[in-house]
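Working notes for the structure below.
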Amino acid sequence: MSAAPADDSRAATLRSYARAFETLAADRLDVFAPLITDDVVFRDPFNTLHGRDAFRAVFAKMYRQLQDPRFQVADLALGERGYVRWSMTWTRRDGTAAAPVEGVSELIFAADGRVCGHVDHWDVASQLYERAPVLGVLMRALRRRFAL
């Protein structure tokens, strides 16, 4: 049984999206442009943004704030939505590698197979806040207090 054309379109977009993540660079911020709709919605633990310009701005800010950020895609899944499991690494200003952040990007597809919604799922508390010098002490204490 062959996949429906819409499934083929979403599958192709999902594979291209994963490649875009892995090849993203400060001078290649438009790599997602052909894969997203004009009114794309981007949501992560810090933002809910609308439109191509805002989508691009998220990654531009990442390159301004982090040194050499890179995504490595670990897995893809496709159903009604697409899922890209990734790990992001970067280098600290002192030249040492920061601990990786792992997450999943949930992709919502438009009728034409392009992405109209991108929702990042990752644990900001354990992967970011707990690693901060002062805030980390508080976050780890809270985690211990609520753990079984």
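With the charge dipole of the range 1-128 set up from +1 on Lys and Arg Cβ and -1 on Asp and Glu Cβ about the Cα centre, the Cα lying farthest toward the positive end among the listed residues LEU14, PHE71, VAL41 is that of PHE71.
Amide H contacts of ASP44: ASP120, each under 5 Å away and 5 or more positions distant or on a separate chain (H built 1.01 Å from N in the peptide plane; Pro and chain starts excluded). Contact order for the range 1-68, expressed relative to its length and based on alpha carbon pairs under 8 Å spaced 6+ residues apart, stands at 23 percent. Take every pair of alpha-carbon atoms less than 8 Å apart whose residues are at least six positions apart; their mean separation over the length of the range 17-127 yields a relative contact order of 25 percent. Placing unit charges on the Cβ atoms only, positive for Lys and Arg and negative for Asp and Glu, gives the range 50-93 a dipole magnitude near 280 debye about its Cα centre. The phi torsions of the range 63-68, fed into the Karplus equation with coefficients 6.51, -1.76 and 1.60 and a -60° offset, translate into couplings of 6, 6, 8, 10, 8, 6 Hz, rounded to whole numbers, with Gly and Pro shown as x. For ARG85, the shell of other residues with beta-carbons less than 9 Å away shows a net charge of -2, using +1 for Lys and Arg and -1 for Asp and Glu. Computed from backbone phi with θ = phi - 60° and the Karplus coefficients 6.51, -1.76 and 1.60, the 3J(HN,Hα) list for the range 74-89 is 9, 6, 10, 9, 9, x, 5, 10, x, 9, 10, 8, 9, 10, 10, 10 Hz; x is used for glycine and proline.
Every read-out reported here was derived from the displayed coordinates using simple, explicitly stated rules and does not represent laboratory data. Given the structure is predicted, the values throughout are model-derived calculations rather than measurements. All Cβ positions, glycine included, derive from the backbone under ideal geometry; neighbour counts span all protein chains shown.
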